Amino acid sequence: MNYVVGSGPAGVFAAFALLGRGQRVTMLDAGNQLEPTLRQSLVQLQQTPRPQWTPGKISFLKQNVAPDRKGVGLKYAYGSDYPYRDVDRFTPLELKNVNLTASLAAGGFSTVWGAAMMPYAQHDLAGWPITQAQLAPHYVAVLAQIDYSAVADDLAEKWPLYHDHPTALRPSLQAKSLLDKIRPSLPSLKDAGIFVGSSRLAVRAKDCVYCGLCMYGCPYELIFNSAQLLPRLMRDPNFTYTPGVIVQRVNESAGEVTIHAISKQDSSPLIFVAERVYLGAGVLNSTRILLESMQAYDTPITLADSSYFLVPWMRWRGQRGVATEPLHTLSQLFLEILDPAVSANTVHLQLYTYNDLYVGAIKKMLGPAYGVMRPAVEAALGRLHILQGYLHSTESPSIELRLRRDGDRSKMTLTSRPAISDHRTRIGALMKKLARHRRQLGGFPVKPMLNIPDAGRGFHNGGTFPMRNNPGPFQSDTLGRPPDFSRVHLIDSSTFPTVPATTITLSVMANAHRIGSVEL
C-alpha cells in the first residue's frame, strides 16, 4: 500500500500517477472543509438564476475582505478562513519579517489561488537535475485532467501550451483594448525581451457567467481546486481517502514505512504502515514532517522564495463602463520579461483589470474625501490596472527555517534573509524598463505606489530539500528521497532546487506526477 500525505495539487497528481500504474493508494489528509452554513449559502446561490443575485444574496462571499493599497491580506474562500484554520494548533509558526502560512484544507492552497498556470522554461532551470523535456509529458498529463483557459500566442515560443485544444475565457474590455494596442508592437517588444500574451488559467471557461466575483471564490466553483478531483479518485477501487489525520513523522525500517499521526478531532495517536510514502502536504508541512522524522531540531534550512510585488498600471486612455461590464477578475494578460539588465532569469508579470476590490481600497485611502472625488475616481478606474510580479528565487530574499522544540510540541521559526543581489534594485530596473516602453505597452507603472511585501507573501516557495543527482544532507534525489530514506518521497515544491518566477502550481503537479509515474 502506498500512502500519499495531502490532497493539494501535488498529492492528487501523485495519486493519479500511482493509480495509473495499478498501485493501491491511501491518501491521509487534514481535510479542512468550508463550513456547512457557507456551503449551504453557496449551493443556494448556485441554484438561484443569475439575474436574481442581489447584493444581499452574495454578501457572504465578501465577508472578511478588507482591501487597502497593499492588497487584501490573506485571501478568504467564500468568506471563510478554513484554508488556514488549525495551523496554530497543529503546525505552529513563528515569523520574523516573513508573511507565510501553511494550509490544512482539503485541496491545500488551491482553494484560494489565482489559477495562473505557466510551465517552467529550460533557461530558468539552471541547477535542476531534471529538464523541461523531462517535465513536458507530465505537464501534458496534468492539463488533460483539468480545465484550462489559454490561447496559442507569442508566449508559446518559450512556454509551450502542452495542450492541443484549450478553451479561453473572454477578456475584459480593458484587456482586449490593451492587447489590441500592444499587438502591432509585439515584434519590437519581443526584441526588447518583453513577451506579451493572454493569461493561462485553470478555469472551466465554457461555463463562466462573468459575474466579476472570482477573487472571492467562484460562485459556480469553476476555478480548479485539487479537492474537486477527490471524487474522481474515489471512484477507483484502489484508492482510499482518509481525512482528519495530522501526520507528524515517518520511520523507515525493514522495507516498510511507519507513519505516526494524530487525529485532528481529538489528538489521539494513529499508526499506519506503508510500502511507500509520498509527502505532498505543502512545503511547510512536508518539511516539518521530515525534520521531525530526522529529529533535526535547531538546524537551519533554506526555504527558497520567489519575491512578489504589486504595482498599479495606468493606461493613457480610459475604458468606459468597467464597473458594470460582465467580466472575470482573474489575471487577464501575462508579460514575461527576458532582459539580463533586469534579471538573469524570467520575470513574470500578471495583469489584472477592474474588480470591485479596487473601489474598496480607494475608499479606504480617501476616507471622507471619497464622496467629493467619486467622479474622478470612476474616471481613473477606466485607466487602472494592477501588475502582480515575481522574481526568480535566486534573485529574491530567502527564508531560514528552523524546527524548534516548544514544550511538548515543535514550532517552526521562519526568518527572512536578504537576497544575494538586492531584489529591490532589480524590481526598480524593471519599472524603468516598463516605463521606457510605455508607448508600445499603452501605459506605465505607477512606481511611487510599488508594494514589495515581506518574503513569502507570494506563496511561491520551496527547496527545503532540493533535488540533486548526488544528494547530500538536507537534499533529495530526483525522486524526492532524502539520504537515509529509500521509501519516503517528497513530491511538492520542497524538492525544487530553485523557484522560477513563472507560477508554481502547474510545475508542482507535473513533478509530483513524474515521481508517482516511476516504477520502483
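The values are calculated or read from the model by the stated rules, or taken from the named source; none is laboratory data. Owing to the predicted nature of the structure, the values given are computational and were not obtained by experimental measurement. All Cβ positions, even for glycine, are placed from backbone atoms using ideal geometry, and neighbour counts span all protein chains on display. Quick note on the areas: whole protein, heavy atoms, side chains included, nothing else; ligands and nucleic acids left out. Shrake-Rupley method; radii C 1.70, N 1.55, O 1.52, S 1.80 Å.
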Could you tell me what a quarter of the Cα convex hull surface of region 72-212 works out to, in nm² with one decimal place? 12.3 nm²
Based only on Cα atoms, what Rg/Rh ratio does the chain have, Rh being taken as Kirkwood's radius? 0.96
Computed over region 219-273: relative contact order in percent, which uses C-alpha pairs under 8 Å that are six or more apart: 22 percent
Residue separation between residue 33 and residue 126 times 0.36 nm, minus their alpha-carbon distance, gives in nm 29.6 nm
Tell me the carbon and sulfur percent of the accessible area for region 1-67, rounded to whole percent, probe radius 1.4 Å. 50 percent
Which listed pairs, of 62/447; 264/364; 411/432; 62/176, have C-alpha distances above 32 Å, in listed order: 264/364; 411/432
Taking the Cα-to-Cβ direction at residue 176 and at residue 422 and moving 7 Å from each Cα, how far apart do the two end points lie in nm? 4.4 nm
Can you pull the percent of Cα pairs in region 406-520 with separation above 17 Å? 69 percent
Mean residue ellipticity at 222 nm from the helices of the chain, using -39,500 (n - 2.57) per DSSP H segment of n ≥ 4 over the full residue count, to the nearest 500 deg cm²/dmol? -7000 deg cm²/dmol
Relative contact order (percent) for region 347-468, with alpha-carbon contacts under 8 angstrom and 6 or more residues of separation? 21 percent
Report, ordered by chain and residue number, the aspartates and glutamates lying within cross-link reach of residue 206, taken as a straight Cα distance under 16 Å and ignoring same-chain residues fewer than 8 apart. 147, 221
Give me the aspartates and glutamates in straight-line cross-link reach of residue 96: C-alpha distance below 18 Å, same-chain residues under 8 apart excluded. 88, 298, 305, 400, 406, 454
Tally the DSSP beta bridges in the chain and give the antiparallel ones as a percent, rounded to 5. 70 percent
With a cut-off of 8 Å between alpha carbons and a minimum separation of six or more residues, what is the relative contact order of the chain in percent? 24 percent
With every protein chain left in place and a probe of 1.4 Å, what is the accessible surface of residue 328, to the nearest 10 Å²? 10 Å²
Computing the accessible area with a 1.4 Å probe over protein heavy atoms, can you report the carbon and sulfur percentage for region 365-433? 55 percent
In region 118-215, carbon and sulfur make up what percent of the accessible area (probe 1.4 Å)? 54 percent
Using Cα centres only, tell me the gap between region 140-166 and region 34-56 in whole Å. 32 Å
Considering just Cα atoms, how many Å³ per residue does the convex hull of region 360-414 enclose? 160 Å³
Please report, ordered by residue number, every helix of the chain (full DSSP H runs) that is 27 Å or longer along its axis going by C-alpha atoms and whose mean Kyte-Doolittle hydropathy reaches -1.0. none
Leaving out ligands and nucleic acids, and using a 1.4 Å probe, what accessible area per residue does the chain come to in Å²? 40 Å²
